[in-house]
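This report concerns only the one structure given below.
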Amino acid sequence: RHAGSKAIREYIERERPRLVLTGHIHESPGIDQLGGTTILNPGPFFEGNYGEVDLAEEGATAKMVDVATGRPRSEAS
C-alpha cells in the first residue's frame, strides 16, 4: 500500500533530481530509488536515525546511520 505523497512522487518523475531528502513519512525510514533518483528518509532523529549522502558525478549514494555509533544501520548494534 502506497503511503507517500503523490505530489512528491510526481515532482520526482517530472524533474528527475539525483537526490531527494524527505521526512514526509516518519514511520517509514529508509532508502529507495525511483528511476535515477535516490530518495532518503532518515526518519526521526530522536529515534537515533540520520542519513549521510555522497554526491558524485555519476549519482548519489545514501546510507542510514546510527547516531550513537556513527556506523551504517546495517552494521550498528
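The values are calculated or read from the model by the stated rules, or taken from the named source; none is laboratory data. Predicted model only: the values in this text are computed from it and were never measured. Note that each Cβ is placed from the backbone with ideal geometry, even for glycine, and that neighbours are counted across all protein chains shown.
Applying the criterion of being assigned to a loop (DSSP other than H, G, I, E, B) and buried (at least 18 other Cβ atoms within 10 Å of the Cβ) to the residues of region 30-70, the residue that is modelled with the lowest pLDDT is 43. Can you tell me how many residues within region 45-66 are touching an Asp or Glu at 6+ places or on another chain (Cβ under 9 Å), farther than 26 Å from residue 14 by Cβ and not aromatic (Phe, Trp, Tyr)? Qualifying residue count for the region: 6.
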